[in-house]
Amino acid sequence: MKHVSYAFIFLSFSHLPFHVSAVDEVIVITADRLALNELNSAYNTEVIYEDQLIKQGYRSTVDAIGSVSGVLLQKTAHGQGSPYIRGFTGFRNLFLVDGIKLNNSIFRDGPNQYWNTVDPFSIGKFEVVKGPTSVVYGSDAIGGTINAITRNQSIEEVNIENPITVFYRGSTAEKSHQIRTTYETKLSKQSALSLGFSNKDFGDLIAGGDTNELAETGYDEFNLDLKWLYDLSNDWKFISAYFKTRQNDVPRTHKTIYGKSYAGTSVGSELQRNLDQNRELAYIKLSAAKLGYFADQAEFTLSYQNQSESRRRLRTRDRRDFQSIDVNTLGLNAHFYKQFTDSDFIYGVEFYKDDVDSYSSKNTVQGPVADEADYQWLGLYGQNKYALNKQVYIDVGLRWNYMKATADKVSDPISGNVIQLDENWNALVGNIRMNFQPILGQQSIYFGVSQGFRAPNLSDLTRFDSARTNEFETPALDLDSEHFITIDTGIKYRSTTFDYDLSVYYTDIDDQIQRVPTGYQNSDGEFEITKKNIGDGYAYGGEFDLKYYLNEQLTLSANFAYIEGKVDTFPTSEAVIEREYLDRLMPVNGRVGMTYAPVNSSWWLNTEIIAFATADKLSTRDSKDAQRIPPNGTPGYAVWNINTSYTFSNTMLFTLNVHNLLDKDYRVHGSGQNEAGINVIGSISYQF
């Protein structure tokens, strides 16, 4: 059966004319900025709830997102993970925390570590939307959008009967210990407070088979979250929140001598490469109802976010370097909702401004990106959901975005002298989507055409840093925006016997920014690369999810995903464009599972097999990424997991997970390390 969520982050509009009132339906909001039954949303969506995070034994936020069908979870290191969604990763996927952008202007092309800074134990649910949502979210929302909705979005959710929760998770192959403590209380009828701490110790990973222990892969992490909720009146509600993550000494092992060869990959030469990561987010949010003629409801958010990272590298005993980036982001958002007789209209304005400082011990001008820089986003949007009748809904949306990048200190890639950056871009994008329910409240068919875009950020324009194996990226100040058009269609079906979701899509890629060789080599022997808008191409594929309810106790499930895609690039330093496979193209994959949950019982059991085919469709840059991708592609694999839990009482839950039961030695395509071998995970949660 499906779950119900009433913790709306954006605008909780329960009186829409086309709502279905069945209590067993998922409420989906991220794709439309509306509180909708999922059958009324013309997107491929998936929701991961808090209880799934615990019961499935997920270690991190990116591990949880990696469970979604059609997602390839690349891990450069144990403390870094980056999902590929419909062929895109890094800054071409958008991550939100309570509707606030985690993405900023220094996010890199390709995989990055930033999603791993979100503590999964502070999250009430993840909403995953596949495909572009640029109309309502702007730049970066190309492959997919994930909204991490934190716990306790209303006073009604605060647990006052058992205000203290202590949670422990331990695992064998990860050598990890995670402790989470929360305290929740109502200060009055109109006010509530919640506080949470997480402390995590990850040891050196033990991989499957003969690979065994992977030295220098462990790290530590600390998380803090604080939230105060205050109902000013029946129509005005206030939330203030603060989140902090600190990660210490996260190693990028494949670059060092401690890496291990897998199926012919090479081993790095550095003695050490460690990363410290810190992130802070604070926001205040005011929600209002009954505002008059121009809006029935509205939401205003003021946010501040700091992301800082530092890297220490020891190349030889007498050659070391240090670099750091510090980004302070101010965000202002206002979202409005107006209901008409047959339609619902949302509109709003968003503004974000990054202030960036960047340092490198090897470069007096700048660090990994430009120093003394700033980047601004401004977006205006409107989207109307029109009900032709009870079965057919049409969405039409439009967004105008303006971006501006300035920097006082950029290192000229030829002379090394100081140069400046002052560029701006604007884009107008739209979408039109339709949802038709042949069987009201049971089946829906959707179709959509959506434009997406991504303006070049500071990482595109000014990066001066190591890239893939033996590559070094240099600034490129004359870049234009990327443009995408996605056509997608799908069918959703819900019944007491079975559920299924089938979706197919085609994305046209225009002017995608591509890394290209310059033909030069730096003093460290690395091949220099830069970026150009040469990437015309396409990506197409499909996803299928099925659940079959044999009876009230036994459920069978399966999913399948396929993607194909190519894009124009310069494979060599010669000015010859060739069309090649997308970097790290996800191989065909699937999952089959079975869940047994006895009626009126305190326990449940789940088993699943996850399989990926050999990833041998390689771009030239994939083939040269010798430390992460084997010469003939990444071998296919299948792993078997078993999950179970037992509820001792209303206040105590015990879970036991055995992942990779057959101790398979395997690597996810494009990753810098192998995954855990047989891994026994146990957790216990106690409320008092």
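The values are calculated or read from the model by the stated rules, or taken from the named source; none is laboratory data. This is a predicted model, so every value here is computed, not measured. Don't worry about glycine lacking a Cβ; one is built from the backbone with ideal geometry, like all the others, and counts go over all protein chains shown.
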Exercise. Can you find even one residue in segment 309-318 that is free of Cβ contacts under 8 Å to residues at least 40 places away in the same chain and more than 30 Å from residue 268 (Cβ to Cβ)?
Worked result: no
For this session: Out of the residues in segment 624-634 that are in contact with an Asp or Glu (Cβ under 9 Å, 6 or more places away or on another chain) and surrounded by fewer than 21 Cβ atoms within 10 Å (Cβ to Cβ), state the one that is farthest from residue 679 (Cα to Cα).
Result: 624
For this session: Name the residue, out of 642, 609, that is assigned to a strand (DSSP E or B) and touching a Phe, Trp or Tyr at 6+ places or on another chain (Cβ under 6 Å).
Result: 609
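A quick yes/no check of all residues on (1) surrounded by fewer than 24 Cβ atoms within 10 Å (Cβ to Cβ); (2) among the aromatic types (Phe, Trp, Tyr); (3) modelled with pLDDT of 90 or more:
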position: 8; (1), (2), (3): yes, yes, no
position: 17; (1), (2), (3): yes, no, no
position: 25; (1), (2), (3): yes, no, no
position: 38; (1), (2), (3): yes, no, no
position: 80; (1), (2), (3): no, no, no
position: 87; (1), (2), (3): no, no, yes
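Any idea how many residues of segment 641-660 are over 17 Å from residue 59 (Cα atoms) and either among the acidic types (Asp, Glu) or crowded, with 16+ Cβ neighbours inside 10 Å (or both)?
So the first thing to find is which residues in segment 641-660 are over 17 Å from residue 59 (Cα atoms), and the list is 646-653.
If we keep only those that are either among the acidic types (Asp, Glu) or crowded, with 16+ Cβ neighbours inside 10 Å (or both) as well, we get 653.
Adding up the residues that qualify gives 1.
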Problem set entry | Scope segment 348-377; condition of a type outside the set (Lys, Arg) and not in a strand (DSSP E or B); matching residues | 361, 364, 365, 366, 367, 368, 369, 370
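Does segment 106-122 include one or more residues that are on the phi > 0 side of the Ramachandran plot and out of contact with any Gly (no Cβ under 9 Å at 6 or more places or on another chain)?
We begin by selecting, within segment 106-122, every residue on the phi > 0 side of the Ramachandran plot; these are 110.
Filter once more, so that each one left must be out of contact with any Gly (no Cβ under 9 Å at 6 or more places or on another chain): none.
Scanning segment 106-122, I find no residue that is on the phi > 0 side of the Ramachandran plot and out of contact with any Gly (no Cβ under 9 Å at 6 or more places or on another chain), so the answer is no.
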Exercise. Filter segment 478-532 for residues that are on the phi > 0 side of the Ramachandran plot and modelled with pLDDT under 95; which is surrounded by the most Cβ atoms within 10 Å (Cβ to Cβ)?
Worked result: 519
Exercise. Can you tell me how many residues in segment 147-174 are at pLDDT below 95 and within 19 Å of residue 679 (Cβ to Cβ)?
Worked result: 1
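Among the residues of segment 428-448, write down those that are among the hydrophobic types (A, V, I, L, M, F, W, C) and surrounded by fewer than 22 Cβ atoms within 10 Å (Cβ to Cβ). Talk me through it step by step, then tell me what you get.
Keep residues of segment 428-448 that are among the hydrophobic types (A, V, I, L, M, F, W, C), which gives 428-429, 432, 434, 436, 439-440, 445, 447.
Of everything in segment 428-448, those that are among the hydrophobic types (A, V, I, L, M, F, W, C) and surrounded by fewer than 22 Cβ atoms within 10 Å (Cβ to Cβ) turn out to be 428, 432, 434, 436, 439, 440, 445, 447.
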Problem set entry | Residue satisfying condition, being closer than 21 Å to residue 511 by Cβ and part of a strand (DSSP E or B), within set 407, 427 | 427
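Every residue, every condition in (1) more than 30 Å from residue 264 (Cβ to Cβ); (2) surrounded by 18 or more Cβ atoms within 10 Å (Cβ to Cβ); (3) touching a residue at least 40 places away in the same chain (Cβ under 8 Å); (4) among the hydrophobic types (A, V, I, L, M, F, W, C), yes or no:
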residue: 174; (1), (2), (3), (4): no, yes, yes, no
residue: 183; (1), (2), (3), (4): yes, no, no, no
residue: 194; (1), (2), (3), (4): yes, yes, yes, no
residue: 200; (1), (2), (3), (4): yes, yes, no, no
residue: 214; (1), (2), (3), (4): no, yes, yes, yes
residue: 217; (1), (2), (3), (4): no, yes, yes, no
residue: 226; (1), (2), (3), (4): yes, no, no, yes
residue: 236; (1), (2), (3), (4): yes, no, yes, yes
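Take residue 332 and tell me if it is surrounded by fewer than 17 Cβ atoms within 10 Å (Cβ to Cβ), at pLDDT 95 or above and either under 27 Å from the mean Cα position of the chain (by Cα) or of a type in the set (Gly, Ala, Ser) (or both). Even if it seems obvious, please write down each step before you answer.
Working: surrounded by fewer than 17 Cβ atoms within 10 Å (Cβ to Cβ): yes; at pLDDT 95 or above: yes; either under 27 Å from the mean Cα position of the chain (by Cα) or of a type in the set (Gly, Ala, Ser) (or both): yes.
In short, yes.
Just need a number here: residues in segment 647-688 that are outside any strand (DSSP E or B), of a type in the set (Phe, Trp, Tyr) and over 27 Å from the mean Cα position of the chain (by Cα). Lay out the reasoning, then the answer.
Initially, segment 647-688 is screened for residues outside any strand (DSSP E or B), giving 650-651, 660-675, 677-678, 688.
Of the ones still in play, those that are also of a type in the set (Phe, Trp, Tyr) are 666, 688.
Applying the additional criterion that residues be over 27 Å from the mean Cα position of the chain (by Cα) yields 688.
Of the residues in that region, 1 qualify.
Any idea how many residues of segment 449-476 are in contact with a strand residue (DSSP E or B) (Cβ under 8 Å, 6 or more places away or on another chain) and in a helix (DSSP H, G or I)? Explain how you work it out, then say what you get.
The first filter runs over segment 449-476 and keeps only residues in contact with a strand residue (DSSP E or B) (Cβ under 8 Å, 6 or more places away or on another chain), leaving 449-458, 460-467, 470-476.
If we keep only those that are in a helix (DSSP H, G or I) too, we end up with 458, 460-462.
So the count comes out to 4.
Determine which member of the set 450, 481 is of a type in the set (Gly, Ala, Ser) and in contact with a Ser or Thr (Cβ under 7 Å, 6 or more places away or on another chain).
450
From the list 374, 354, which residue is farther than 20 Å from residue 247 by Cβ and touching a residue at least 40 places away in the same chain (Cβ under 8 Å)?
Only one candidate passes the filter, namely 354.
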Seminar exercise, completed: In segment 570-598, anything charged (D, E, K, R) and farther than 23 Å from residue 547 by Cβ is listed as 574, 578, 579, 580, 583, 584
For this session: Please verify whether segment 268-280 includes one or more residues that are over 29 Å from residue 324 (Cβ atoms), touching a residue at least 40 places away in the same chain (Cβ under 8 Å) and aliphatic (A, V, I, L, M).
Result: no
Exercise. Which one of these does residue 96 not meet: (1) surrounded by fewer than 24 Cβ atoms within 10 Å (Cβ to Cβ); (2) without any contact (Cβ under 8 Å) to a residue 40 or more places away in the chain; (3) not charged (D, E, K, R)?
Worked result: (2)
Seminar exercise, completed: Those residues of segment 430-448 which are part of a strand (DSSP E or B), of a type outside the set (Ser, Thr, Tyr) and either under 25 Å from residue 327 (Cα atoms) or out of contact with any helix residue (DSSP H, G or I) (no Cβ under 7 Å at 6 or more places or on another chain) (or both) amount to 432, 433, 434, 436, 438, 439, 443, 445, 447, 448
Exercise. Can you tell me which residue in segment 490-518 is nearest to the chain's Cα centre (by Cα), limited to those that are closer than 20 Å to residue 547 by Cα and of a type in the set (Val, Ile, Thr)?
Worked result: 504
Seminar exercise, completed: Exactly one of 273, 279 is on the phi < 0 side of the Ramachandran plot and either among the small types (Gly, Ala, Ser) or at pLDDT below 95 (or both), and that residue is 273
Problem set entry | Filter result for residue 389 (assigned to a loop (DSSP other than H, G, I, E, B), more than 30 Å from residue 324 (Cα to Cα), of a type outside the set (Lys, Arg) and out of contact with any helix residue (DSSP H, G or I) (no Cβ under 9 Å at 6 or more places or on another chain)) | yes
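At pLDDT below 90, buried (at least 22 other Cβ atoms within 10 Å of the Cβ), small (Gly, Ala, Ser) and within 30 Å of residue 485 (Cα to Cα), is that true of residue 144? Quick ask: steps written out before the conclusion?
Details: at pLDDT below 90: no; buried (at least 22 other Cβ atoms within 10 Å of the Cβ): yes; small (Gly, Ala, Ser): yes; within 30 Å of residue 485 (Cα to Cα): yes.
It is false that residue 144 is at pLDDT below 90, buried (at least 22 other Cβ atoms within 10 Å of the Cβ), small (Gly, Ala, Ser) and within 30 Å of residue 485 (Cα to Cα).
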Exercise. Any idea which of (1) farther than 15 Å from residue 58 by Cα; (2) under 20 Å from the mean Cα position of the chain (by Cα) is the one residue 163 doesn't satisfy?
Worked result: (2)
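Considering only segment 615-639, how many residues are assigned to a helix (DSSP H, G or I) and closer than 27 Å to residue 603 by Cβ?
Taking segment 615-639 and keeping what is assigned to a helix (DSSP H, G or I), we get 620-624.
Going one step further and asking which of them are closer than 27 Å to residue 603 by Cβ, we end up with none.
Summing the residues that are assigned to a helix (DSSP H, G or I) and closer than 27 Å to residue 603 by Cβ in segment 615-639 gives 0.
Among the residues of segment 232-250, is any touching a helix residue (DSSP H, G or I) at 6+ places or on another chain (Cβ under 6 Å) and modelled with pLDDT under 95? Please lay out each step first, then the result.
Looking only at segment 232-250, we keep the residues that are touching a helix residue (DSSP H, G or I) at 6+ places or on another chain (Cβ under 6 Å), and these are 245.
Cutting the leftovers down to modelled with pLDDT under 95 gives us none.
Scanning segment 232-250 turns up no residue that is touching a helix residue (DSSP H, G or I) at 6+ places or on another chain (Cβ under 6 Å) and modelled with pLDDT under 95.
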